[in-house]
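Single-structure report; data block below.
What follows is calculated from the coordinates using simple rules that are stated; it is not laboratory data. None of the values given here were measured: they were computed from a predicted structure. Cβ placement follows ideal geometry from the backbone for every residue including glycine, while neighbour counts extend to all protein chains displayed.
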Amino acid sequence: MSNGPYGKITCDCGAVSLLVSGAPLALGQDTKGARVAFWPLDAVQVGQGADELDVSPDDRGGDTWACRRCDECLLHAHDEADFAVMAGHPEDTADLAPELSSSRQRRLEELGYRVVTGE
Ligand SMILES: [Zn+2]
């Protein structure tokens, strides 16, 4: 990842970039405790390298979006729950207004993620 979660995310080799807009639904941790942000799927668009983007099923019912050339995983998408999981937290969370419904939070937790609420 060469950029923060806002804006453009480019894989290691630069072949694939994703454009991310808006604000994350929530922040949290993945199953290994790494910091991740949860985004609505419609906030994510392929900027370039659609031909190099390898979308393959992961082991939790979602899809892994990775670069065919450098193998970097850019995000995990969960179509049926309508969110994408990206590594890292936005640098500026001051504007963060999570609008995570409780059903969606439950779904995240069922998938093994932890949601950090801004208490
Ligand atoms: Zn790449």
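General observations
- Residue count for segment 4-50, restricted to those that are within 16 Å of the ligand (Cβ to nearest atom), in contact (Cβ under 8 Å) with a residue 40 or more places away in the chain and either surrounded by fewer than 16 Cβ atoms within 10 Å (Cβ to Cβ) or under 24 Å from Ser103 (Cβ atoms) (or both): 2.
- Of the residues making up segment 62-86, those that are in a loop (DSSP other than H, G, I, E, B) and under 15 Å from the mean Cα position of the chain (by Cα) are Gly62, Glu72, Asp79, Glu80, Ala81, Asp82.
- Where a residue in segment 102-113 is farther than 11 Å from Gln29 by Cα and its partner, wherever it lies, is not hydroxyl-bearing (Ser, Thr, Tyr), with Cβ under 6 Å and at least six apart: Gln105/Val115; Arg107/Ala81; Leu111/Arg60
- Unique residue being acidic (Asp, Glu), touching a Cys at 6+ places or on another chain (Cβ under 8 Å) and more than 19 Å from Gln105 (Cβ to Cβ) when the list is Asp58, Asp63, Asp54, Asp71: Asp54
- Taking segment 62-79 as the range and being within 16 Å of the ligand (Cβ to nearest atom) and crowded, with 19+ Cβ neighbours inside 10 Å as the test, the residues that pass are Trp65, Ala66, Cys67, Leu74, Leu75.
- Residue satisfying all of: in segment 51-61; assigned to a strand (DSSP E or B) and surrounded by fewer than 17 Cβ atoms within 10 Å (Cβ to Cβ); farthest from the ligand (Cβ to nearest atom) among these: Pro57
- Against the test of being in contact with a Leu (Cβ under 9 Å, 6 or more places away or on another chain) and either of a type outside the set (Asp, Glu) or not in a helix (DSSP H, G or I) (or both), the options Gly47, Gly22 yield a single qualifying residue, Gly47.
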